[in-house]
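The structure under discussion appears below in the form of structure tokens.
The values are calculated or read from the model by the stated rules, or taken from the named source; none is laboratory data. Since the model is a prediction, treat every value here as computed from it, not as a measurement. Neighbour counts run over all protein chains shown; Cβ positions are idealised from the backbone, glycine included. Remember, those area values only see protein heavy atoms, side chains included, never the ligands or the DNA or RNA. Shrake-Rupley method; radii C 1.70, N 1.55, O 1.52, S 1.80 Å.
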2 protein chains.
Amino acid sequence: MLAEIITIGDEILIGQIVDTNSAYLGQTLNLNGIAVKQITSISDNRDEILKTLHEASQRASIVIITGGLGPTKDDITKKTLCEYFNCSYRFDEDVLKDVENIFAQYGKEVTPTNRMQAEIPALCQTIRNHNGTAPGMWFDIKNTVYVSMPGVPYEMKNMFERQVIPKLKQRFTLPHIYHHTLLTQGVGESYLSDLITDWENSLAALNIKLAYLPSPGMVRLRLSTSGNELEILKKNVAQKTKELHKLIGEYIYGYETFGEHKKSLEEIVGTLLRNQCKTIATAESCTGGYIAHLLTRLSGSSDFFQGGIVSYSNKIKTNELDVSEELLMSKGAVSQEVVEQMASRIQKRFNTNCSIATSGIAGPTGGTDEKPVGTVWIAIVCDNKMWSQKFLFGNHRERTIQKTADAALNQLRKFLEK
Amino acid sequence: MLAEIITIGDEILIGQIVDTNSAYLGQTLNLNGIAVKQITSISDNRDEILKTLHEASQRASIVIITGGLGPTKDDITKKTLCEYFNCSYRFDEDVLKDVENIFAQYGKEVTPTNRMQAEIPALCQTIRNHNGTAPGMWFDIKNTVYVSMPGVPYEMKNMFERQVIPKLKQRFTLPHIYHHTLLTQGVGESYLSDLITDWENSLAALNIKLAYLPSPGMVRLRLSTSGNELEILKKNVAQKTKELHKLIGEYIYGYETFGEHKKSLEEIVGTLLRNQCKTIATAESCTGGYIAHLLTRLSGSSDFFQGGIVSYSNKIKTNELDVSEELLMSKGAVSQEVVEQMASRIQKRFNTNCSIATSGIAGPTGGTDEKPVGTVWIAIVCDNKMWSQKFLFGNHRERTIQKTADAALNQLRKFLEK
């Protein structure tokens, strides 16, 4: 079953707002077994609306339209739908009641302009809006369903989930679509691709599609499949996931199942620390407080996060973390010895189970032949175990900070999961 | 001048990512005098790409395409563009160098898959990508310009601003559009609007448009005007800016001129510190390292940033910052006395000119009737001056952290500018 999404409004085309409605609609439709063929954003213009409605209905059985339903002159979606379906208006008393209710909440009388919201195309079924004045409209014409809703996200979402999805399920026989996403850290897209070529080729036999979704420091791998029996889809994906784990298990740090809350790496680490009643402190040089920020951004982080020291200058490394000046001279601040001392010292001083320490050259200056920009040392202490490793993260300062944090958190995750 | 935007990728249609690229492109094109006619999102499918390219080129002189340029099998944009323009491939040595540079930064060899990134359609001019392996492509065919770029936002934005916009300006005669943006902190959108009503009404006479661009803790005010003589546009905007300064000068912390580098508040503070040869340290509780992160994200921050302590737990406040247990008991961690002790102590201990200290209830739990969620105390020390203030930032955790950082940095800016 295919759907198209049409968003109407100048504010999207001039980039004044980011169109989050389409992502929401795409996700919700997919979860219900309806694939989105195309998303089209157009302005509040009669000709464009008529043309786009026609084209979309040629490609899909369901056309979802948002926007252009306000009471002001620039909004012409309702009028244009009437023209498209060549129908007259009828007055809907239920809609008037909804509008009156909204105005009553603000202690105001309904204006004539807003009373007009109750004039709706004769051919449509009304979709009530309990959070705003513009009703939604459901047209079922020549085997195509058209749904028009306001563009205000919270009005639209409420109508879509509570009224439109149930109506779509009643109207169409929908297949199951199943997505499962593996989260990987520490390996680039192309290396990953080389490692799993044979496995990737084997997916077609089970009608599973693979997508690579890269972001700085990590790649998400999404497996998607559809069919009539959800249990079989899940079983097939579970089998392929298991196989993949054998190939690249060391890089996989978590999973996302479509429609469920997406867990960040720091959230996974935070949950592990909390469940194991472990505490943590940070000693950060090149990440400059970023790891502490990631952890404390989580609500409830005071359960496990005690605090940290941002030892940016060498003087602070010496004064606050007892890193000897001699060591800083002989090995340099970006060295295994120094980062291990930092991790070990902060754990003892803040009296925690775990600690993370970072020291590196985020750049763009400060690199040498021996230690180019992007060289980072990370040390992790977890109870009485110490781990440290050198990384080369490239010459983009902000990405190096992000990648250092991801690599450190991922290593701590591995410790905690053992 | 009209443009169309085509975004290619299943991840947009299934709603796995929100398409922020289109809003960015729409905004940037508009600011340069190019209007967007339609935005179309389609999947990585040959037929759909060919059809959409054809249709877009019928409606606009500029077609901007993002996505589908990764090295993996699911990405087919480049191949399909070759087919669309009926051209062969050429090998671009410059692109290979860019790819090799990217890999060299990680100390890795270029894989055969990634070497293929240097195979590009013979008919295109290359748009170099210094932040990723997929080059951009510029086709100028039959009076239509097609630009294909990767979908990774920061790769795309960099290429678009630095290379594509200048090329479009060269290729087409665009009207002068002049934008000047004032950055304000510490005042809400509606309050601001009330303060400047008369001034706002006076803009029309000079053909200047005003846009409010709110984000957590700050509102940017963008003045936009267009015409044939740039000098007149600049003069008019400068006059209105001067008038605005008299009305709301206390809230304005900086300016942005479109196309010029956008200065963040921390960057303005960093420059002031550097120019005045002043150093700084942070003692953060509720911001959990975020202010240190904002400052150290700036390259060259070691010129002024010495380090900081994230004193998240009360134990760390006592042990590391000598905040007396008695004071924590009697006044609470979120109090003027505690935050002033933190600021004063970190300045002395890290031997800096300035310091910032924060303590607050970011939530969602931990609030009381007396100190609800969102209550934050900030203290600033600059040489021998101390400033502190209480804020109420509402019950959204991440926003409270952001607003606290903004308010603290803005106060420090005021100190340094005196």
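A few points about this structure:
- Interface A:B - total buried accessible surface [probe 1.4 Å, Å², rounded to 100]: 6300
- Computed in the context of the full set of protein chains, the accessible area of segment A:9-69 at 1.4 Å probe radius has 48% of its extent on carbon or sulfur.
- Dividing the mean sequence gap of close Cα pairs (under 8 Å, 6+ apart) by how many residues chain B holds gives a relative contact order of 10 percent.
- Split the accessible area of segment B:311-401 by element, probe 1.4 Å, and carbon with sulfur accounts for 45%.
- Taking every residue in B:145-152 and counting other chain Cβ atoms within 10 Å of its Cβ, the average works out to 1.
- Under 12 Å from residue B:167, Cα to Cα: aspartates and glutamates that are on another chain or at least 8 residues apart: B:140
- Apolar share of the accessible surface for segment B:148-233: 49 percent from carbon plus sulfur atoms, 1.4 Å probe.
- The helix-only estimate of mean residue ellipticity at 222 nm for chain B, built from DSSP H runs of length n ≥ 4 each weighted as -39500 (n - 2.57), is -11500 deg cm²/dmol after division by the residue total.
- Average beta-carbon neighbours from other chains, 10 Å sphere, peptide A:20-26: 6
- Filter on A:371/B:73; A:157/B:371; B:37/B:169; A:262/B:73 - keep pairs with C-alpha separation over 24 Å: A:371/B:73; A:157/B:371; A:262/B:73
- Cα shape, segment B:190-243, gyration tensor, a/c 1.5 rule: prolate
- Across the copies of the chain, residue B:45 has label points (7 Å from Cα along Cα→Cβ) spaced 2.6 nm apart, shortest distance listed first.
- Other copies of residue B:327: label-to-label distances in nm, shortest first, labels 7 Å along the beta-carbon direction: 3.2
- Three-way shape label, segment B:313-409, alpha-carbon gyration tensor, a/c 1.5: oblate
- Surface exposure of segment A:211-264, expressed per residue as accessible area with a 1.4 Å probe, stands at 52 Å².
- Each copy carries a label point for residue B:372 at 7 Å from Cα along the beta-carbon vector; from one copy to the others these points are 5.5 nm apart, nearest first.
- For segment A:310-337, residues shielded by at least 20 square angstrom of accessible area compared with the chain on its own, probe 1.4 Å: A:310, A:312, A:313, A:315, A:316, A:320
- Interface residues in segment B:62-93 - accessible area drops by 10 Å² or more relative to the isolated chain, probe 1.4 Å: B:71, B:72, B:73, B:74
- Note that segment A:1-130 presents 44 Å² accessible area per residue, ligands and nucleic acids not counted, probe 1.4 Å.
- Residues A:377, A:199, ordered by accessible area of protein heavy atoms at a 1.4 angstrom probe radius and largest first, appear as A:377, A:199.
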